[in-house]
1. Would it be correct to say that Glu555 is open to solvent by 80 Å² or more (accessible area, probe 1.4 Å), over 50 Å from the mean Cα position of the chain (by Cα), among the charged types (D, E, K, R) and modelled with pLDDT of 70 or more?
2. For region 252-290, which positions are in a helix (DSSP H, G or I), open to solvent by 70 Å² or more (accessible area, probe 1.4 Å) and over 23 Å from Glu321 (Cβ atoms)?
3. Residue under question is Gln522, and the condition is that it be without any contact (Cβ under 8 Å) to a residue 12 or more places away in the chain and not aromatic (Phe, Trp, Tyr); does it hold?
4. What's the number of the condition Met669 fails, among (1) modelled with pLDDT of 85 or more; (2) open to solvent by less than 50 Å² (accessible area, probe 1.4 Å); (3) over 16 Å from Leu599 (Cα atoms)?
5. Considering only region 161-176, I want to know if a residue exists there that is among the basic types (Lys, Arg), in a helix (DSSP H, G or I), out of contact with any Ser or Thr (no Cβ under 6 Å at 6 or more places or on another chain) and modelled with pLDDT of 85 or more.
6. Which of (1) surrounded by fewer than 15 Cβ atoms within 10 Å (Cβ to Cβ); (2) closer than 30 Å to Leu68 by Cβ does Phe395 not meet, given it meets every other one?
7. What about Glu360, is it at pLDDT below 85, in a helix (DSSP H, G or I) and open to solvent by 70 Å² or more (accessible area, probe 1.4 Å)?
8. Condition first: in a helix (DSSP H, G or I), in contact (Cβ under 8 Å) with a residue 60 or more places away in the chain and more than 60 Å from the chain's Cα centre (by Cα). Now tell me which residues in region 128-147 satisfy that.
Amino acid sequence: MQVWTPAVGYGPRQATVKYFDTAIAIRNVKNAVDPGRVIVLSPFKLHVFEWAKALTTKFREALQRSQLENSQRLTQALESIRTEFSMFNGQSLAHIDSKTVAFLPSQIKLGEKFTGQELLRERRTALSELNKAASEEGLKFLRAEYRELEAFLTSLSTLLTSTSGLWALEPATKAEVLAKKQAEQEMLARVLIPKDQSLDDLFALLRSASTLCNMDDATDHVCPLCKRELSGLEVDLFKRYYDLLSGELEKDIAMLKGDIAKAVVFATAVVAVDRKAWKKISTIQADILIAANTASDLIAASCNVSEEPTAEAKAALESLEVSIATWTIQLESKGNAIEAAVKGRDELVKQLTKARSEIEPLEYAQAIADCLEKLRQAQRMAAGANFWDTQLPAFTQLLRKLTEKAKDAHEELVVADFESRLNAEYKTLTEKNMAAFGVILARKGADAVVTVLPQVGGADIESVLSEGEQRVHALALFFAELETCTQSVVVFDDPISSFDYNYIANYCARLRDFTQKHPTRQVIALTHNWEFFVQLQTTLNQAGLDPHLSVQVLENCAVVADYSEKIDDLKRDIDAVLVIAGEPSKYQKENIAGKMRRLIEAVVNTHVFNQQRHQYKQKTQAISAFQDFTKIVPLLPAEATTLRDLYAKLSITEHDDPRNSYVIADKAMFQSRYDAIKAVESAVIGRK
């Protein structure tokens, strides 16, 4: 327990509690006011300008450091690019610097669009061959290379062409089809073959006879062998001979045999390729010859008319076809170089110059493509440098403006703000501004430490204004301080002393607005004025603040009762007793009986009368909110009877001895009564 004396004041609660009483009211009226006391937590503190200047200076220094660092990195990046492209003396990147960095985007696009890698390789090959032809020894070697490469390509082309032709004919598949068709043909001709003769013998005879007789229509013809006239049966037989000899089946067989014969020719051509001669080639790289031999072995092994080619052989064929295209270009380059050398030195030099001029832009674009990331980084740095150069703020002018504004800050942002706040509080509490009372704020002291003294016509307000008007001034100043103070508990001790009805209503509205704006603060109002008590409750209830309102009756500063008509609070208190194991005590029964009576009244007032039931009881209450009566939900006769009976059971009759009350009522009975009350409440809510 802590013992309090006036000398202690708020003690450790100084930072938590802000108090208003008569003594503070008198002090606010008599003494000059430092506006800084009210504006102390305003974001416009005077030293904010010094902070702004210091932060602005630091910000400028940070930006300048970033600008310098970016500039240094850009210089290093451009130097690296110049070194990378120094071999391309006539190109932009060989001489790029901070003044010509604008060319970077176009050069980057050149590298991004470059697709001439294959063309570059061809040009380099051609240049290499031309260089060889520039000397007698080189030309001699070049011719040897040309001869051997030409022979190699001819041999290889024969191999690949024959193989492609062979595989395209698919002889193994066609041989199977041929066998099936021949079997089908032999079955059809079986009845036509003479005894002890074969199908081939029959075909030989028919082919000879077809030149002597129209077997398709032998009517009026004679047999080419016996010269007898042909009757109907013989004509039909000759027709069958004709169909066998000239039908679609025979045509298919002939075509299949022809394709197989071609395949045999292709297979023979593959075998005939002298691949052993490749080993004698000395001017072609050994690894190329080894790869060609390996691939050709796979290909030759699959060039059999009776078998399908393997997947490995097909892949080898595709690989050699790609290589032949490259080697053909090389052969063409060698031939062009030899031709230029034969034409003379001038022609050779001309071709060399042309080849170099064609290669350089390709090599330059290739180099850009290889260095794209480095160039993009330099481009980003260049964009950053441009940003710093064009967008860096004019800090000198900004700092000057801050200095100028700081000179007027106190008057404009402290004193004027204080006067505006105080005047607003006057309007809220009295519906009139300070000028209507004749109150002005006289400045005293230097600009930097100005204080204000409220006056009326040059005299102190305590000698002119009434006691109530002085209390208005004191409260207005107190509320102005509340807007920015740090205390979380605000205590008003008899705040409406000397107030008339209008001022009381305005004060209640101001306290309501303050509570809504600052819901985390605890507000305590002490009073012995019943009219103020009723007015304050009504104002707060109408604003929906009643769930946060607690009314305490005090005797000698001790709480003796906590009155509540909140349904949820009453239910919570009743439930707390009913959930206890065993029977409640006599005191607990009396307590929950009273709570249930109050619950019946609260349910009726809340859900039936829409919290307007007091209008029928208190003529001194505020004017009824008639529009709310449209929401009234009447009780049903049975519900009214139930609540009446319950209320009677929960009440002590006038002549009963209180000591004997609820002796026979047990916990189960109280639970039943409680359930009945809640059932009526649910039914009424359901009819809303």
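1. Considered against the rule, which asks whether it is open to solvent by 80 Å² or more (accessible area, probe 1.4 Å), over 50 Å from the mean Cα position of the chain (by Cα), among the charged types (D, E, K, R) and modelled with pLDDT of 70 or more, Glu555 comes out as no.
2. Met255, Lys257, Lys280
3. Here the answer is no, as Gln522 does not meet what is asked.
4. For Met669, the failing item is (2).
5. Within region 161-176 (the criterion being among the basic types (Lys, Arg), in a helix (DSSP H, G or I), out of contact with any Ser or Thr (no Cβ under 6 Å at 6 or more places or on another chain) and modelled with pLDDT of 85 or more), the answer is no, since none of the residues qualifies.
6. Only one criterion in (1) surrounded by fewer than 15 Cβ atoms within 10 Å (Cβ to Cβ); (2) closer than 30 Å to Leu68 by Cβ is unmet by Phe395, namely (1).
7. No: the conditions fail for Glu360.
8. Lys132, Leu139, Phe141, Leu142, Arg143, Ala144, Glu145, Tyr146
The values are calculated or read from the model by the stated rules, or taken from the named source; none is laboratory data. Small disclaimer: the values here were computed from a predicted structure and weren't measured. No Cβ is skipped: glycine too gets one built from the backbone with ideal geometry, and neighbour counts run over all protein chains shown. Each accessible area value is taken on the protein alone, full model and side chains, heavy atoms only, with ligands, DNA and RNA left out. Shrake-Rupley method; radii C 1.70, N 1.55, O 1.52, S 1.80 Å.
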